[in-house]
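Every number here is computed from the coordinates shown, using simple stated rules; none is lab data. All values derive from a computational prediction rather than experimental measurement. Cβ placement follows ideal geometry from the backbone for every residue including glycine, while neighbour counts extend to all protein chains displayed.
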Amino acid sequence: MKKNNKRERKIESIEKLTSNFFDQNKINSKLFDKKIENLWNTFSNKFIQERTTGVYCKNMIIYIKINSSPLKSELENSKEITLKKFQKYHKEIENVVFI
């Protein structure tokens with residue numbers, strides 16, 4: 001008796017396939033970090049952007065690296081406003097930390 005060597009085909013949407021690919025290659029977190037960085041750049045002015053050395057998200061907490069202590073202090077005072085701006089676009093964000 002001859003075996004059937006044909007593969008079974010499973011029809012899946014492109015969205016599901018790309019989502020699986022991104023999850024397997026940890027690309028989603030990098031894309032999300034880039035989205036967060038782009039949002040930060042829309043919220044902040046040029047002065048703040050020049051003193052921002054990094055923006056990333058870990059465990060739904062946004063970390064923003066600022067290389068100016070006085071600016072970092074000012075941003076800490078308006079942290080709730082910044083958090084609300086991020087949550088407007090991504091409700092799952094829990095906190096913003098300036099480092």
- [ ] Using the structure shown, select from Lys10/Lys91; Lys65/Lys85; Lys10/Lys58; Lys10/Lys30; Lys16/Lys91; Lys16/Lys46 the pairs with a Cα to Cα distance greater than 27 angstrom.
- [x] Lys10/Lys91; Lys10/Lys58; Lys10/Lys30; Lys16/Lys46
Task: For Val97, net neighbour charge (Lys/Arg +1, Asp/Glu -1) across residues whose Cβ lies under 12 Å away - done: +2
